[in-house]
Amino acid sequence: MERTMTDKQMQFIAWLITTATDKCQSMDEVRKMNEEIRKHSAGLTKEETEPDK
């Protein structure tokens, strides 16, 4: 099975990210949003990276 993304899929991802960051009020919020996007794109969520309490 090939895992190449189509142009349509890439366009959707770009739209999704820009829509999310457009809602940010400051560059600090954009950076926090980018940090979350990076975590999820790496397959990790905050819950998965925090030690058990």
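The values are calculated or read from the model by the stated rules, or taken from the named source; none is laboratory data. Since we're looking at a predicted model, the values are computed, not measured. We work out accessible area using only protein heavy atoms, side chains counted, and drop any ligands, DNA or RNA first. Shrake-Rupley method; radii C 1.70, N 1.55, O 1.52, S 1.80 Å.
Largest accessible area first, the residues 2, 29, 35 order themselves as 2, 35, 29 under a 1.4 Å probe with ligands, DNA and RNA left out. Taking the square roots of five times each eigenvalue of the Cα gyration tensor of the range 1-45, the equivalent ellipsoid has semi-axes of 23, 15, 5 Å, listed largest first.
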